[in-house]
1. Search the range 379-395 for residues that are farther than 17 Å from Ile361 by Cα and pair each with any residue that is among the polar types (S, T, N, Q) when their beta-carbon atoms are under 8 Å apart and the residues are at least 6 apart or on different chains.
2. Which residue, of Lys125, Lys105, is basic (Lys, Arg), in contact (Cβ under 8 Å) with a residue 12 or more places away in the chain and within 28 Å of Gln551 (Cβ to Cβ)?
3. Is there a residue in the range 82-104 that is more than 16 Å from the ligand (Cβ to nearest atom), buried (at least 17 other Cβ atoms within 10 Å of the Cβ) and more than 19 Å from Ile443 (Cβ to Cβ)?
4. Using beta carbons and a limit of 6 Å, which pairs, at least six apart or on different chains, have the first residue in the range 18-44 and at positive phi and the second one away from the ligand (no atom under 13 Å from the Cβ)?
5. Sort out which residues of the range 10-43 are more than 19 Å from Leu346 (Cα to Cα), within 16 Å of the ligand (Cβ to nearest atom) and not hydroxyl-bearing (Ser, Thr, Tyr), and write them in order of number.
6. Quick test for you: out of Leu298, Leu308, pick the one residue that is closer than 22 Å to Arg567 by Cα and among the aliphatic types (A, V, I, L, M).
7. What are the residue pairs meeting all of these: first residue in the range 467-492, first residue farther than 18 Å from Tyr508 by Cα and away from the ligand (no atom under 16 Å from the Cβ), second residue among the polar types (S, T, N, Q) and modelled with pLDDT under 95, Cβ atoms under 7 Å, and 6 or more apart or on different chains?
8. So which residues in the range 627-649 are assigned to a loop (DSSP other than H, G, I, E, B) and either touching a Gly at 6+ places or on another chain (Cβ under 6 Å) or more than 19 Å from Phe688 (Cα to Cα) (or both), if there are any at all?
Amino acid sequence: ALNIPDKQVDSVCPYCGVGCQLTYNIKDNKILYVEGRDGPANHGRLCVKGRFGFDYANHPHRLTRPLIRREGVPKTGDFAIDPERVLEVFREATWEEALALAGGKLKQIRDTLSPRALAGFGSAKGSNEEAYLFQKLVRTGFGSNNVDHCTRLCHASSVAALLEGIGSGAVSNPVMDVTKAEVVIVIGANPTVNHPVAATWMKNAIRAGTKLIVCDPRRPELARHAHRFLQFKPDTDVALLNAMMHVIVTEGLVNQDFIDSRTIGFEELAKNVEDYSPERMAPICGIDAETIRYVARLYATSKASMILWGMGVSQHVHGTDNARCLIALALMTGQVGRPGTGLHPLRGQNNVQGASDAGLIPMMYPDYQRVDNPQAQARFEQAWGVKLDPRPGLTVVEIMDAIDRGEIRGMYIMGENPAMSDPDANHARAALAALDHLVVQDIFLTETAYLADVILPASAFPEKTGTFTNTDRLVQLGRQAIDPPGEAKQDLWIIQQMACRMGLDWRYGHVSEVFDEMRHTMNSIGGITWDRLEREGAVTYPCQHEGDPGQAVVFTETFPREGGRARFVPADIIPANERPDADYPMVLITGRQLEHWHTGSMTRRTAVLDALEPDPVALVHPLDLQKMGVKPGEVITIESRRGQVALYARADDSSPVGAIFVPFCYYEAAINRLTNPALDPYGKIPEFKYCAIRARRG
Ligand code: SF4
């Protein structure tokens, strides 16, 4: 009788971009257990995070009252957080006092220095409505476009390439289309770990006859199910992909009708890949020429071939070039615009697609309307009733550099943890500590919140209602299941209160009012009403009118570019910004683990998930361990030019010899202290997937 729920609430999973639907079973304001629901992306399936990742909401470390930094307590980026001693650093305050200080100081910086002396980071884990209001606050209240979020660290380069080549940054086909494909290429992605339910659909497709090609410098679990596994050398994506295109062009496997009727720029691309024969590229990428030819022919000649990719492609200084090559592969073979084909950058966070769509990026208003386009500016000035700055704002890493230069003096961070997630995190922490005024809105005392002047206690995912857009462009309804603890408030309320302190007169009532305003400024979701979401639970965009079922497969007849044609963009080999050398002879690759989510603030406070993976680990090839004289389980120190961490070594031959993989979720071994902040010039994404390190025992 103790464990019989008194309430059931249908919602979606707060973790990855797959967007599994689930039902919370609740008793006494606690989630007892979670069950999978028959949603379009999961049909009842959940992974270990979706099943067990919820008790963080009731964790004793939850922030329950606003906090203000005590006078004279220094901000230091080098600390061990002790939640028991939080009141030595901060004092509790009323909401009125905290908001007055948080908003008042930002307003003062805006008025006395410049609107561009302020910046805001929103969150890909918040709802669409929160993302929309947050960016609107920065643009209309702060007065600049200095607003960004973790999409910059994730698929910004993929989006840059997709917008340039195809005219839309979103996926062309849903994940489930792998079941309609003859050939599927998964490159630079580890779906079993990062998109686990999507991986199950891939495995089902293989059973039904789909041929899976996995390309990755590390061997992901999915490689066990692959028809071919191409373990190319780290940092050689362009060599491999250009060699595949060389085969397709020279062997006449292109789809000439598609190229002629729907694209531009093919001749230049074809000329560029002339020099990239498989025989020349084989020693560079480490894949033999015959295998490159076989895979290229298979992809080009199947009736339906699909490409899915992840951060292994995007998080490089040549991430945009990597994605340009994938786009070109699909275009030259006409493998786009039909079921079972297309291009799918697997989205990481549960709402990174929606947050980007809602304008939580410095160069675009909602629906990817450029801030420096006078028509778009006029449209939003009319909708929002204020003058807007036509200059694109700064991106995540650029904001940290602007703090260094003294140009940015105040920040508002909602639900992001750059002290853990930014590259060269020591530098990011020093920059955050150097701000005149930092306001952090979160549910725990994160590493970033520890550097704040004011902390505003917010709501966890199950404590609020809103819409979330998954990797397939499905807009889904997440429903409130439990109440926030203590005096913690809903994020939408806090953003509005901050807006009022900045001089705006915002009076949104129910979250549906925000959604309604969004759909009137965003053509893509114009046909999705709140009523419809409540009725149907999920609707795919683009959705133009209320009777429109939504379009799961796009680009069927035209591309959203000038003249309706997609564009080929050639790419050449650009090496990683920091190559191994005599001092730092190894390579660091960072990423995620199945059990933990991003910076670990939620999953490391979840009993089951933390029990499964309790300690910081580095995955090291057994031969490298032998060379270091280290036994599995012993501590090693890894060092780059920017910092060092100590953590446990785990023998793992999925990493190539000379490359060490470390998840970025462990605060006690924050691996981003080591990563390289060098940026891709187009997407401004840092090179998380490659930097030079050395490692030693102890
Ligand atoms: Fe949640 Fe992703 Fe797991 Fe589905 S696959 S349950 S969305 S973490």
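1. Sorted first by the residue in the range 379-395, then by its partner, the pairs are Arg379/Gln369; Arg379/Thr521; Ala383/Thr521; Trp384/Thr140; Val386/Thr140.
2. Working: Lys105 fails: within 28 Å of Gln551 (Cβ to Cβ).
Residue meeting the stated conditions: Lys125.
3. Checked against the condition, which is being more than 16 Å from the ligand (Cβ to nearest atom), buried (at least 17 other Cβ atoms within 10 Å of the Cβ) and more than 19 Å from Ile443 (Cβ to Cβ), the range 82-104 yields at least one hit.
4. Asn29/Ile482; Asn29/Asp483; Gly44/Asp38
5. Asp10, Leu22, Asn25, Ile31, Val34, Glu35, Gly36, Arg37, Asp38
6. On the way: Leu298 fails: closer than 22 Å to Arg567 by Cα.
Selected residue: Leu308, the only one of Leu298, Leu308 that is closer than 22 Å to Arg567 by Cα and among the aliphatic types (A, V, I, L, M).
7. Qualifying pairs under 7 Å: Ile482/Asn29; Asp483/Asn29.
8. First pass over the range 627-649, keeping only residues assigned to a loop (DSSP other than H, G, I, E, B): 629-634, 640-643.
Across the range 627-649, the qualifying residues are Gly629, Val630, Lys631, Pro632, Gly633, Glu634.
The values are calculated or read from the model by the stated rules, or taken from the named source; none is laboratory data. The structure displayed is predicted, hence computed values, not measured ones. Cβ: placed from backbone, ideal geometry, glycine included. Neighbour counts: every protein chain shown.
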